[in-house]
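Pasting in a structure now, in structure tokens, and then I'll have a few things to ask.
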Amino acid sequence: MLLASLSFAFMGGFVKLLTTSMPPLEITFFRNSIGVVLIGVTLFNNPLKQIGGKPLLLLFRGMIGFLSLLAYFYIIAFIPLGEAVTYNKLSPIFVALFAYIFLGEKLSLWALVGVVLGFVGIVLIAKPDGIAFDLYSLLGIFSGIGAALAYTSIRELRNYYDTRAIVLSFMVTGSVVPLVLMLLTPCVPNPKLEIFFSSFVMPSSTDWFYILGMGLFATLSQLLMTKAYELSYAAIVGTISYTNIIFAMIIGIMLGDSFPDNWTLLGVVLVIFSGILVLYRKTK
């Protein structure tokens with residue numbers, strides 16, 4: 001899990017480098033396209049084994065996963081990498097809430113305390129003006145919520161679909177939708193939502209290196225994380241996964257991010273502690 005967290009942080013570093021020369025929508029396209037190719041190769045020797053029957057939920061998982069990733073890549077361009085990862089790591093907190101709301105799972109007192117601490121941590125990181133969060137904070141929180149919704153839907157989908165089909169629903173959606181949006185961009189006069197509409201930028205030779213690094217580290221992270229959950233308890237692996245924030249902060253500072261202030265650091269600590277609390281109590 002340590003290696004998976006480090007790989008995920010490296011992926012974020014490559015994304016941050018790419019945001020200086022191409023839009024987040026295009027980066028999302030390349031990120032998912034590489035995954036489609038890698039998973040698609042496995043289908044030749046090992047076809048899907050599933051019963052199906054939940055196409056709308058599968059489509060929802062793909063779309064919400066794509067939107068969450070797009071929001072995550074977008075904020076990486078404008079805020080420190082460590083803060084962007086912290087927002088994304090809110091997902092365990094929201095998973096606990098959504099599992100309680102949609103799946104009827106119990107929410108213990110300690111898990112509830114963890115949820116509250118997580119929200120306090122986000123307020124310290126975002127530093128809202130009064131009660132208003134800025135765009136990047138809202139998108140960061142959405143990236144955590146979207147990831148949580150995707151993970152919650154997987155709990156139901158895994159009873160009907162092969163794991164690769166669930167992953168492909170996300171990656172195919174994350175490849176096709178950005179491609180369509182980029183093709184439609186010239187037809188949209190003065191688009192206000194640059195996150196959704198941006199013209200394709202031909203990558204330079206350096207960009208292709210970054211794209212390859214992003215795809216390889218993203219895939220490596222997924223493989224290592226999956227293996228970690230196979231070998232140990234979810235609470236232990238989930239706890240170690242929060243080292244991703246520390247690795248991302250270090251890589252971000254190396255790429256030019258400013259060092260976080262004391263309030264931001266306290267917020268990060270609260271988010272990490274809240275996530276660990278939710279994961280531990282849930283496993284118990």
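Would you mind stating whether F170 is modelled with pLDDT of 85 or more, among the hydrophobic types (A, V, I, L, M, F, W, C), surrounded by 18 or more Cβ atoms within 10 Å (Cβ to Cβ) and assigned to a helix (DSSP H, G or I)?
Here the answer is yes, as F170 does meet what is asked.
For the structure I just gave you, tell me whether T86 is in contact with a Lys or Arg (Cβ under 7 Å, 6 or more places away or on another chain), in a helix (DSSP H, G or I) and in contact (Cβ under 8 Å) with a residue 12 or more places away in the chain.
When the stated conditions are applied, T86 does not pass them.
Turning to a different aspect of this structure: Residue under question is F196, and the condition is that it be outside any helix (DSSP H, G or I) and more than 30 Å from G52 (Cβ to Cβ); does it hold?
yes
Next question, about the same structure. It is to be established whether one or more residues within the range 242-249 are part of a loop (DSSP other than H, G, I, E, B) and either in contact (Cβ under 8 Å) with a residue 12 or more places away in the chain or closer than 21 Å to S91 by Cα (or both).
yes
Further question on the same structure: Out of the residues in the range 71-128 that are modelled with pLDDT under 90 and charged (D, E, K, R), which is nearest to A150 (Cα to Cα)?
Looking at residues that are modelled with pLDDT under 90 and charged (D, E, K, R), I get K89.
Could I ask something else about it? Out of everything in the range 85-143 that is hydroxyl-bearing (S, T, Y) and buried (at least 22 other Cβ atoms within 10 Å of the Cβ), what residue ends up being nearest to L67 (Cα to Cα)?
That would be S143.
Being outside any helix (DSSP H, G or I), surrounded by fewer than 23 Cβ atoms within 10 Å (Cβ to Cβ) and not β-branched (V, I, T) is the filter here, so list the residues in the range 1-28 that pass it.
M1, S21, M22
Out of all the residues in the range 222-236, is one or more crowded, with 16+ Cβ neighbours inside 10 Å, touching an Asp or Glu at 6+ places or on another chain (Cβ under 7 Å) and under 18 Å from V15 (Cβ atoms)?
no
Right, next: Filter the range 193-214 down to the residues that are surrounded by 13 or more Cβ atoms within 10 Å (Cβ to Cβ) and closer than 15 Å to L70 by Cα, then identify the one that is modelled with the highest pLDDT.
The extreme case among them is M214.
Let me ask something additional. May I ask you to list the residues in the range 1-56 that are farther than 22 Å from V85 by Cβ and basic (K, R)?
Matches in the range 1-56: K49, K54.
Considering (1) modelled with pLDDT under 90; (2) part of a helix (DSSP H, G or I); (3) closer than 22 Å to L223 by Cα, say which one R31 fails and leave the rest.
Looking at each condition in turn, R31 falls short on (1).
Across the range 255-275, what is the total count of residues that are surrounded by fewer than 19 Cβ atoms within 10 Å (Cβ to Cβ), assigned to a helix (DSSP H, G or I) and touching a residue at least 40 places away in the same chain (Cβ under 8 Å)?
Number of matching residues: 4.
So if I check each of I39, I75, I64, which one is surrounded by 24 or more Cβ atoms within 10 Å (Cβ to Cβ) and either among the acidic types (D, E) or part of a helix (DSSP H, G or I) (or both)?
That would be I75, the only listed residue that is surrounded by 24 or more Cβ atoms within 10 Å (Cβ to Cβ) and either among the acidic types (D, E) or part of a helix (DSSP H, G or I) (or both).
The values are calculated or read from the model by the stated rules, or taken from the named source; none is laboratory data. Predicted model, so just to flag it, every value in this text is computed and none were measured. Methodologically, a virtual Cβ is constructed for each residue, glycine included, from the backbone with ideal geometry; neighbour enumeration extends over all protein chains shown.
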